[in-house]
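Here is the structure we will look at, set down as structure tokens.
The values are calculated or read from the model by the stated rules, or taken from the named source; none is laboratory data. Keep in mind the model is a prediction, meaning the values are calculated, not measured. Glycine also receives a Cβ, built like all others from the backbone with ideal geometry; neighbour counts cover every protein chain displayed. For accessibility, only protein heavy atoms count, side chains too; no ligands or nucleic acids. Shrake-Rupley method; radii C 1.70, N 1.55, O 1.52, S 1.80 Å.
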Amino acid sequence: MSIVRAAGPGAVLRPRSREAVIGYIFIAPIVAFFAVFVGYPFLRSLYLSLSEWSGFGEPRFVGLDNFQFMVGDPVFWKAVGTTFMFTAATTILQTVLPLLLAVLMNCRWRGTVIYRTLLFVPAVISFVVTGVLWQLIYEPNLGTLNEALRTVGLDGLAQPWLADPHLVVPALIVVSLWQSAGLYMLIFLAGLQGIDPTLYEAARIDGAGPVQQFRRVTVPTLRTVTGVVVLLNLINGFKTFDLIYVMTGGGPNRASEVLGTYLYGLAFGNESGGTPSFGYATAISMVIFVLCMIVTLAQLRISRRAS
Amino acid sequence: MTTADTQVPAGRARPRSRPGPAWHSASTMRTRRRIWRSTGYLLLIAISAATVFPFVWMVLTSVRRRDTVFGGGIIPDEITFDAYQRSWSQLDYPSHFLTTLVITTITVAVVVALATLGGYAFAKLRFPFRNLLYVILLSTLMLPVTAIILPLFLQLRSLHLLGTRQGLILVYIGTSLPFAMFLMRAFFTTLPDELIQAARADGAGEFTIFRKIMLPLAAPGVATVVIFQFMTTWNEFLYAQTFLQNPDYLPLQPVLYTIVGQYSTDWPLMCASLTMSVLPIVLVYMRMQRRFVAGLTLGAVKS
């Protein structure tokens with residue numbers, strides 16, 4: 001290892017403060033970018049959520065009016081309901097199935113790498129590609145899903161998947177599961193590989209079968225990993241936007257409207273008759289942010305108490 | 001898809017219930033094992049097949065003749081690359097592809113450079129308010145994009161950068177930096193402090209220590225960040241859709257978003273466009289799978 005001697009102009013400073021100066025120089029670009037493109041916009045969001053503004057002139061401070069309006073806004077409550085349903089379903093499915101899949105994958109199989117590679121592919125694809133692809137699959141007349149159902153004689157099951165208000169959310173949940181199962185499975189798999197094999201040996205000696213080993217060894221030792229997966233699922237569920245925006249835009253007739261699509265429509269779309277309600281839209285985005293904060297803090301508390 | 005997935009619990013349960021009375025005489029450990037294993041393989045293959053099926057279908061549809069898309073078997077009788085040609089000219093594909101590539105390359109380069117510097121400083125250098133600054137930078141990681149997109153829009157407007165690729169690149173850099181820095185910091189923390197102390201004792205300057213000693217050791221971390229950033233920027237949709245209005249400047253994702261409405265009957269064209277947009281990512285993924293997975297799982301476990 002070659003070590004270059006350098007006695008730059010900073011050499012007059014004492015070593016400690018020299019280190020501090022270099023530290024600040026190193027982080028300066030990040031802090032500057034952060035301040036301009038994350039920090040300041042976020043503070044502005046806080047202010048906007050307490051204002052009324054359609055984009056012209058200056059925002060007018062209205063206190064908690066936006067949140068008061070929210071309480072009486074039926075569309076908001078419908079979006080809340082759909083968001084929670086989507087979040088609950090994806091969280092359960094995208095935790096349980098990836099866990100089982102990871103346990104299966106963790107046994108010795110020929111070609112494990114191939115299965116793992118294939119299962120992970122959807123996670124590297126954009127939401128737009130996923131959305132367009134599944135729109136074609138779900139297409140009622142010529143889409144592959146209905147074609148396949150008709151081919152096997154199940155014509156009665158063929159449905160206008162994304163146009164039926166009762167089916168649209170489950171159909172979206174399936175796409176979400178398809179896209180993220182591989183990612184969560186890999187997180188579980190990393191956790192499984194960290195389990196001490198002697199634990200299983202001990203359980204086997206005590207006469208535990210595969211199911212008991214799973215319940216008594218795998219599930220308890222994976223508690224932290226499971227917590228992380230659940231938390232990620234909850235946050236992604238509350239934040240969900242891209243997939244639904246691309247596939248249904250919140251339709252039909254708001255049946256798949258979630259908080260993200262509603263607020264985007266209020267700010268940039270055709271809600272409220274073409275006049276953007278920036279203040280109200282931002283207030284809704286604050287609700288999403290607070291929901292994410294709450295589950296994160298709850299998870300932190302739970303994991304801290306466990307350890 | 002659904003059926004394949006819901007089979008998981010059912011399939012797991014089956015071997016458990018098999019060794020009933022009917023099996024009693026024949027059920028040695030060997031046959032039980034064999035049933036276990038074949039069920040497992042069946043499940044793995046079924047689930048993998050269900051996962052890749054949409055992609056296979058996409059590629060197969062993209063090489064069909066336009067008039068033979070519907071009806072008929074899954075495998076096309078005749079293969080043609082007409083749809084790629086149509087997408088190439090009608091969608092002005094090369095220009096959007098190039099725009100995406102340029103935007104992504106610049107973003108990745110700047111993010112990686114700045115995140116490496118910052119990650120090193122937060123991991124290895126001591127300065128006042130270090131922890132406070134770090135917490136502030138990371139506290140916004142779970143901020144939903146929809147929560148800052150509106151002020152970002154206003155920000156770009158007041159900087160006269162709205163509708164420009166430069167503005168979009170700046171937004172990408174600004175919003176990606178905290179997480180990239182977090183990843184780099186994680187890599188630098190694993191490197192031993194003694195290296196730095198020894199170099200300092202030898203009188204090496206701080207920047208020299210960073211560049212000549214620590215950076216080479218953090219190369220795997222840099223590679224992970226490059227890949228992760230490449231993927232997220234290439235796939236980004238919402239900022240591009242909101243901040244760029246000029247159709248000439250659009251990257252691929254917003255263009256792909258519009259094709260369903262525009263070419264609703266030309267499925268080969270749509271599938272060809274999707275296939276081409278996915279190709280770079282899938283190729284990189286296949287070649288550098290380990291880094292990819294490391295980046296994404298680390299990304300996931302950030303909290």
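Leaving out ligands and nucleic acids, and using a 1.4 Å probe, what accessible area per residue does the range A:12-61 come to in Å²? Intermediate results must be reported in sequence, preceding the final value.
Values: 2870 Å² over 50 residues.
Accessible area per residue, the range A:12-61: 57 Å².
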Seminar exercise, completed: Scoring only Lys, Arg, Asp and Glu (+1, +1, -1, -1) among other residues with Cβ under 10 Å from the Cβ of residue B:64 yields -2
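How much accessible area per residue does the range B:88-300 have, in Å², with a 1.4 Å probe? Present the calculation step by step, with values, prior to reporting the outcome.
Details: 8100 Å² over 213 residues.
Accessible area per residue, the range B:88-300: 38 Å².
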Seminar exercise, completed: Interface residues of the range A:63-100, defined as losing at least 30 Å² of accessible area versus the chain alone with a 1.4 Å probe, are A:97, A:100
For this session: Provide a list, ordered by number, of residues in the range A:30-60 showing at least 40 Å² less accessible area with every protein chain present than when their chain is taken on its own, using a 1.4 Å probe.
Result: A:30, A:33, A:34, A:37, A:38, A:41, A:42, A:44
For this session: Return the whole-Å distance between the Cα centroid of the range A:69-120 and the Cα centroid of the range B:74-121.
Result: 28 Å
Exercise. Direction-averaged shadow area of the convex hull around the Cα atoms of the range A:56-154, nm²?
Worked result: 12.8 nm²
For this session: Take every Cα-Cα pair in the range B:35-179 and report what % of them are more than 25 Å apart.
Result: 61 percent
Exercise. Going toward the positive end of the dipole of the protein assembly as shown, with +1 on Lys and Arg Cβ and -1 on Asp and Glu Cβ, which of A:92, B:249, A:220 do you reach last?
Worked result: A:220
Exercise. Ordered by residue, what ³J(HN,Hα) values in Hz, to whole numbers, does the range A:141-149 give under the Karplus form 6.51 cos²θ - 1.76 cosθ + 1.60, where θ = phi - 60° and Gly and Pro are x?
Worked result: 8, 10, x, 4, 4, 5, 4, 4, 4
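Inside 10 Å of the C-beta atoms of B:121-128, what's the mean count of C-beta atoms belonging to other chains? Provide the component values of the computation, followed by the final result.
Numbers: counts 10, 4, 0, 3, 10, 4, 11, 4.
That average works out to 6.
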Problem set entry | Overall form of chain A per C-alpha gyration tensor (a/c, 1.5; a/b vs b/c) | oblate
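At 222 nm, what helix-only mean residue ellipticity would chain A give, in deg cm²/dmol to the nearest 500, using -39500 (n - 2.57) for each DSSP H run of four or more?
Details: 14 runs with 199 residues, N = 307.
The helix contribution divided over chain A gives -21000 deg cm²/dmol.
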For this session: Quick one: net charge around residue B:256, please, counting Lys, Arg +1 and Asp, Glu -1 for every other residue with C-beta under 14 Å from its C-beta.
Result: -4
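Please return the longest range in chain A lying between exposed loop sites, taking trypsin sites (Lys or Arg not before Pro), DSSP loop only, at most 11 other beta-carbon atoms within 10 Å, and leaving the sites out.
Here the longest segment lacking exposed loop sites spans A:111-307.
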For this session: Quick one: which residues, 5+ away or cross-chain, put their amide H under 5 Å from the amide H of residue A:51? H built at 1.01 Å from N.
Result: A:62
Exercise. Per residue and in cubic angstrom, what volume does the convex hull of the Cα atoms of the protein assembly as shown have?
Worked result: 203 Å³
For this session: Show A:154, A:222 ordered by accessible area, largest first, where the area counts protein heavy atoms only and the probe is 1.4 Å.
Result: A:154, A:222
Seminar exercise, completed: Contact-by-burial set, the range B:248-285, min loss 40 Å², accessible area of protein heavy atoms with 1.4 Å probe, reference chain alone, gives B:257, B:260, B:267, B:274, B:285
For this session: With a bin width of 5 angstrom, please list the P(r) values of the range B:88-300 as percents of all Cα-Cα pairs, from the 0 bin to the one holding the largest distance.
Result: 1, 6, 13, 15, 16, 15, 12, 9, 5, 4, 2, 1, 0, 0, 0
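Taking only protein heavy atoms and a 1.4 Å probe, what accessible area per residue, in Å², does the range A:73-306 have with all protein chains in place?
On the way: 9790 Å² over 234 residues.
Ligands and nucleic acids excluded, the result is 42 Å² per residue.
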Exercise. Stretch residue A:300-residue A:215 to full length: gain in nm at 0.36 nm per residue minus the Cα-Cα span?
Worked result: 28.2 nm
For this session: Could you tell me the accessible area of residue B:88 in Å² (1.4 Å probe, neighbours in place), rounded to the nearest ten?
Result: 140 Å²
Seminar exercise, completed: In the protein assembly as shown the accessible area split gives carbon plus sulfur, as whole percent at 1.4 Å, a share of 64 percent
For this session: Would you mind counting up the charge near residue B:284? Only other residues with Cβ under 15 Å from its Cβ, with Lys and Arg at +1 and Asp and Glu at -1.
Result: +3
Exercise. Can you tell which of A:24, A:38, A:61 lies farthest toward the positive end of the dipole of the range A:12-61, using +1 and -1 charges on the Cβ of basic and acidic side chains (Lys, Arg; Asp, Glu)?
Worked result: A:24
Exercise. Quick one: how many Å² of residue B:142 are accessible to a 1.4 Å probe, rounded to 10?
Worked result: 30 Å²
Seminar exercise, completed: For the pair A and B, the solvent-accessible area buried on both sides (1.4 Å probe; DNA, RNA and ligands excluded), in Å² to the nearest hundred, is 9400 Å²
Problem set entry | Heavy atoms of residue B:285 accessible to a 1.4 Å probe, total area in Å² rounded to 10 | 0 Å²
Exercise. So, with +1 on the Cβ of K and R and -1 on the Cβ of D and E, and no other charges, what is the size of the charge dipole of chain A about its Cα centre, to the nearest 20 debye?
Worked result: 1440 debye
